[in-house]
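Q: To start, I am sharing the structure in question, which I have written as structure tokens.
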Amino acid sequence: MKGIIFDLDGVLVFTDKFHYQAWKYVADELGAPFDETLNNRLRGVSRMESLEIILSNAALRLSKAEKERVAEQKNNSYRKLLQTLTPQAIDRDTRKTLNLLRERGLKLAIGSSSKNAPLILEKTGLAEFFDAVSDGNNITHSKPDPEVFLKAAEFLGLEPYDCTVVEDAKAGIDAAKAGGFTAIGIDDAAGYTKCDQVINRLSELVDLIWGVNYEYKNDSFTA
Ligand code: BG6
Ligand code: MG
């Protein structure tokens, strides 16, 4: 393996809770039901497709202009929440793992459906860890289409079979498999049968890749 492509929301930073809050606000205004189960169906899918899922679940119909207004309203609330992000939003396990993977010569990329990925990377200081960023701004089809990951591999100069994708969304695991990548599931995707491997926290990647029993303790890895 030569490269790892990380989903961003819900894998490296817990902005999934901000997506939930922003959609909940919008759904309440529309009188549409919204809960964690429905929110999980929105993981990895684009903003407009997420709105379509909320509307169809509530059997609500809106005009194109209304949908655009609602999606913009959601994004404005979401971006307000993103302003609260700081480098402390990235936990130590994540930071240390990214450092170790880089030190060991792996190329790292972001593969996110979000158009807000650049803002999140900047606010959290995560940008410095990545050789390439593929996000909602450079794709025409969001997950489960493999485009975002295929672009990430291309930006790294690698083939899909040389790369592993780490995802918390079932749509993201489907996208990775459709693109010919190895797919590692975490959090909401961990129970998904299409995952090649499952991890409970990011530092478990180190064991999976090098097959050594690395342990992450007191801020460092030991074999
Ligand atoms: C993904 C999230 O990373 O980005 C989805 O998992 C979200 O929930 C999608 O809908 C698009 O995000 P944004 O920031 O462009 O609205
Ligand atoms: Mg995600």
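Q: Assess whether LYS177 counts as being among the basic types (Lys, Arg) and within 15 Å of the chain's Cα centre (by Cα). Can you show your working first?
A: Working: among the basic types (Lys, Arg): yes; within 15 Å of the chain's Cα centre (by Cα): no.
In short, no.
Q: LEU85 - would you say it is open to solvent by less than 60 Å² (accessible area, probe 1.4 Å), away from ligand 1 (no atom under 15 Å from the Cβ) and either among the basic types (Lys, Arg) or in a loop (DSSP other than H, G, I, E, B) (or both)?
A: Numbers: open to solvent by less than 60 Å² (accessible area, probe 1.4 Å): yes; away from ligand 1 (no atom under 15 Å from the Cβ): no; either among the basic types (Lys, Arg) or in a loop (DSSP other than H, G, I, E, B) (or both): yes.
It is false that LEU85 is open to solvent by less than 60 Å² (accessible area, probe 1.4 Å), away from ligand 1 (no atom under 15 Å from the Cβ) and either among the basic types (Lys, Arg) or in a loop (DSSP other than H, G, I, E, B) (or both).
Q: Of (1) closer than 28 Å to PHE155 by Cβ; (2) part of a helix (DSSP H, G or I); (3) away from ligand 2 (no atom under 16 Å from the Cβ), TYR78 satisfies all except one. Which?
A: (3) is the only condition that TYR78 fails.
Q: Another one. Just for helices (runs of 4 or more DSSP H) wholly inside the range 2-65: which have at least 3 residues that are farther than 15 Å from ALA189 by Cα and either away from ligand 1 (no atom under 11 Å from the Cβ) or in contact (Cβ under 8 Å) with a residue 12 or more places away in the chain (or both)? It would help to see each step written out before you state the result.
A: Working: elements: 16-30, 36-41, 47-57.
Correct list: 16-30, 47-57.
Here's the yes/no breakdown for (1) assigned by TED's automatic domain parsing to the domain that holds SER142; (2) surrounded by fewer than 21 Cβ atoms within 10 Å (Cβ to Cβ):
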position: ASP9; (1), (2): yes, no
position: TRP23; (1), (2): no, no
position: GLU29; (1), (2): no, yes
position: ARG41; (1), (2): no, yes
position: LEU51; (1), (2): no, no
position: LEU55; (1), (2): no, yes
position: ARG61; (1), (2): no, yes
position: LYS67; (1), (2): no, yes
position: ALA71; (1), (2): no, yes
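The values are calculated or read from the model by the stated rules, or taken from the named source; none is laboratory data. Keep in mind that this is a model prediction, so the values were computed, not measured. Please note: Cβ atoms are built from the backbone with ideal geometry, for glycine as well, and neighbour counts cover all protein chains shown. The protein model used for the area step is the full one, side chains on, heavy atoms only, and it has no ligands, DNA or RNA in it. Shrake-Rupley method; radii C 1.70, N 1.55, O 1.52, S 1.80 Å.
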